[in-house]
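Participant: Sharing a structure with you now.
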Amino acid sequence: MLRQASGILEVRAPAQGLHSITDRVTEWLAQQDVSSGLLTLFCRHTSASLLIQERAAPAARRDLERYFARIAPEDSGYEHDDEGPDDMPAHLRSALTHTQLSIPVENGRMMLGRWQGIYLFEHRRAAPSREIALHLIGE
Amino acid sequence: MLRQASGILEVRAPAQGLHSITDRVTEWLAQQDVSSGLLTLFCRHTSASLLIQERAAPAARRDLERYFARIAPEDSGYEHDDEGPDDMPAHLRSALTHTQLSIPVENGRMMLGRWQGIYLFEHRRAAPSREIALHLIGE
Amino acid sequence: MLRQASGILEVRAPAQGLHSITDRVTEWLAQQDVSSGLLTLFCRHTSASLLIQERAAPAARRDLERYFARIAPEDSGYEHDDEGPDDMPAHLRSALTHTQLSIPVENGRMMLGRWQGIYLFEHRRAAPSREIALHLIGE
């Protein structure tokens with residue numbers, strides 16, 4: 001029978017950049033009574049975002065972080081700078097990546113590809129704990 | 001019991017840029033008989049898109065509009081220009097942002113963070129009315 | 001009554017760029033016993049992605065391919081280059097577009113707008129067959 005579940009994942013990234021949350025999400029999913037369905041992650045912030053990326057190569061993640069630092073740089077004459085030089089680029093990097101991801105679930109596991117990991121992309125330097133809302137529907 | 005609902009939101013943006021649709025979506029949601037579930041917004045256009053962004057600071061929205069005008073500019077030697085200089089950049093800005101957003105719902109309210117608003121990002125200068133398809137599933 | 005269905009779409013793009021999968025998805029949907037609901041496509045790769053774009057103008061798709069080749073170029077001094085010069089730009093172009101898309105379904109058809117098509121955006125030159133996980137929930 002179809003049912004749904006929801007939760008909040010609190011994540012504190014130790015620094016700017018990509019932080020794997022795959023294990024945290026896998027753990028939450030394992031506690032739910034749903035083996036096939038759709039899992040949605042929703043980032044409740046505008047200066048952090050979600051990204052599915054290559055999980056095996058740390059160099060790829062460093063290149064990705066440098067890329068976004070370059071295309072949405074800190075010193076770019078922004079009008080909005082009340083909260084520091086990392087604030088506006090954080091909004092831009094969030095806009096260019098994802099606030100929400102939905103992932104099909106089969107046999108109790110997310111249908112991630114072999115090389116895919118789920119990341120919180122933290123864009124602020126001294127970020128507070130972040131909330132990822134989780135929603136699962138299935139049977 | 002799980003049920004679903006669907007609808008169309010017609011939105012006409014008065015100008016290019018970010019136009020809040022948070023209130024319109026909240027209003028539609030309040031009319032549905034679902035208090036927890038998943039709400040999906042789908043923009044039925046390729047020259048307008050959806051974005052969740054900072055809702056408190058108008059300067060942040062202006063910076064964001066200027067940023068996209070800069071990284072996907074009008075005068076860039078596009079092959080496709082039948083519909084005017086704002087046509088091809090509109091497709092690019094749509095590709096870089098979102099055609100679809102799904103937002104968990106709890107206690108009859110979207111699980112938006114405190115500073116998040118939902119925006120139609122209109123990329124054309126003289127745009128017609130836009131259709132956002134809505135889908136809600138939950139109980 | 002609400003039910004769900006899932007499947008895998010195997011797609012082999014003959015070259016880098018945008019490859020329409022609208023017909024393949026439409027065909028899969030027609031075989032399911034669901035006429036209204038939500039269809040989710042999930043790309044199980046980090047060097048290919050999904051995009052909804054203008055389906056009538058091939059020139060618009062070529063401009064879009066050239067644009068991504070320009071903003072995430074091959075020769076940019078990446079640290080990660082074990083798998084060739086098209087590997088890291090592939091991850092970047094994937095990050096800037098979409099791993100997942102959800103599309104409302106009504107009367108057995110996706111609620112795509114008149115000019116929208118669904119594309120696999122292949123970022124590698126000699127790519128293997130790609131898997132798109134499909135999930136459908138509805139009634």
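Participant: Of these, A:Ile71, A:Ile52, which one is touching a strand residue (DSSP E or B) at 6+ places or on another chain (Cβ under 7 Å) and modelled with pLDDT of 95 or more?
Facilitator: Values: A:Ile71 fails: touching a strand residue (DSSP E or B) at 6+ places or on another chain (Cβ under 7 Å).
Matching residue, one of A:Ile71, A:Ile52: A:Ile52.
Participant: Looking only at residues in region C:21-35 that are surrounded by fewer than 18 Cβ atoms within 10 Å (Cβ to Cβ) and of a type outside the set (D, E, K, R), which one is farthest from the chain's Cα centre (by Cα)? Spell out the reasoning first.
Facilitator: Going through region C:21-35, the residues surrounded by fewer than 18 Cβ atoms within 10 Å (Cβ to Cβ) turn out to be C:22-24, C:26-27, C:30-31, C:33, C:35.
Right, trim to of a type outside the set (D, E, K, R) and you get C:22, C:26, C:30-31, C:35.
On the way: C:Thr22: 9, C:Thr26: 14, C:Ala30: 19, C:Gln31: 20, C:Ser35: 23 Å.
The residue in question is C:Ser35.
The rows are residues; the columns are (1) away from chain B (no Cβ under 14 Å); (2) surrounded by 20 or more Cβ atoms within 10 Å (Cβ to Cβ); (3) outside any helix (DSSP H, G or I).
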| residue | (1), (2), (3) |
| --- | --- |
| A:His19 | yes, no, yes |
| A:Leu39 | no, yes, yes |
| A:Phe42 | no, yes, yes |
| A:His45 | no, yes, yes |
| A:Gln53 | yes, yes, yes |
| A:Ala59 | yes, no, no |
| A:Leu64 | yes, yes, no |
| A:Arg70 | no, no, no |
| A:Tyr78 | no, yes, yes |
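Participant: If we keep just the residues of region A:26-37 that are of a type outside the set (Gly, Ala, Ser) and part of a loop (DSSP other than H, G, I, E, B), which is nearest to the other protein chains (Cβ to nearest Cβ)? Outline the logic, then answer.
Facilitator: Step one: filter region A:26-37 for residues of a type outside the set (Gly, Ala, Ser), giving A:26-29, A:31-34.
Keeping just the survivors that are part of a loop (DSSP other than H, G, I, E, B) gives A:31-34.
Details: A:Gln31: 17, A:Gln32: 14, A:Asp33: 15, A:Val34: 11 Å.
Within region A:26-37, the match that is nearest to the other protein chains (Cβ to nearest Cβ) is A:Val34.
Participant: Looking at region A:101-113 only, could you name the residues that are within 13 Å of the chain's Cα centre (by Cα) and either more than 9 Å from chain C (Cβ to nearest Cβ) or over 20 Å from C:His91 (Cβ atoms) (or both)?
Facilitator: Within region A:101-113, the subset within 13 Å of the chain's Cα centre (by Cα) is A:101-103.
Across region A:101-113, the qualifying residue is only A:Ser102.
Participant: Of the residues that make up region A:84-107, is at least one assigned to a loop (DSSP other than H, G, I, E, B), without any contact (Cβ under 8 Å) to a residue 24 or more places away in the chain, in contact with a strand residue (DSSP E or B) (Cβ under 9 Å, 6 or more places away or on another chain) and surrounded by fewer than 23 Cβ atoms within 10 Å (Cβ to Cβ)?
Facilitator: no
Participant: I would also like to ask the following. Go through region C:108-139 and report how many residues are of a type in the set (A, V, I, L, M) and in a strand (DSSP E or B). Spell out the reasoning first.
Facilitator: Residues of region C:108-139 that are of a type in the set (A, V, I, L, M), as a first pass: C:110-112, C:118, C:120, C:126-127, C:132-134, C:136-137.
Those still in the list that are in a strand (DSSP E or B) too: C:110, C:118, C:120, C:132-134, C:136-137.
Within region C:108-139, residues that are of a type in the set (A, V, I, L, M) and in a strand (DSSP E or B) number 8.
Participant: While we're here: Name the residue that is farthest from the other protein chains (Cβ to nearest Cβ), counting only residues in region B:80-98 that are under 15 Å from the mean Cα position of the chain (by Cα) and more than 11 Å from B:Ser47 (Cβ to Cβ).
Facilitator: Out of the qualifying residues, it is B:His98.
The values are calculated or read from the model by the stated rules, or taken from the named source; none is laboratory data. Worth saying up front: this structure is predicted, and the values here are computed from it rather than measured. So basically every Cβ, Gly included, is an ideal-geometry build from the backbone, and we count neighbours across all protein chains shown.
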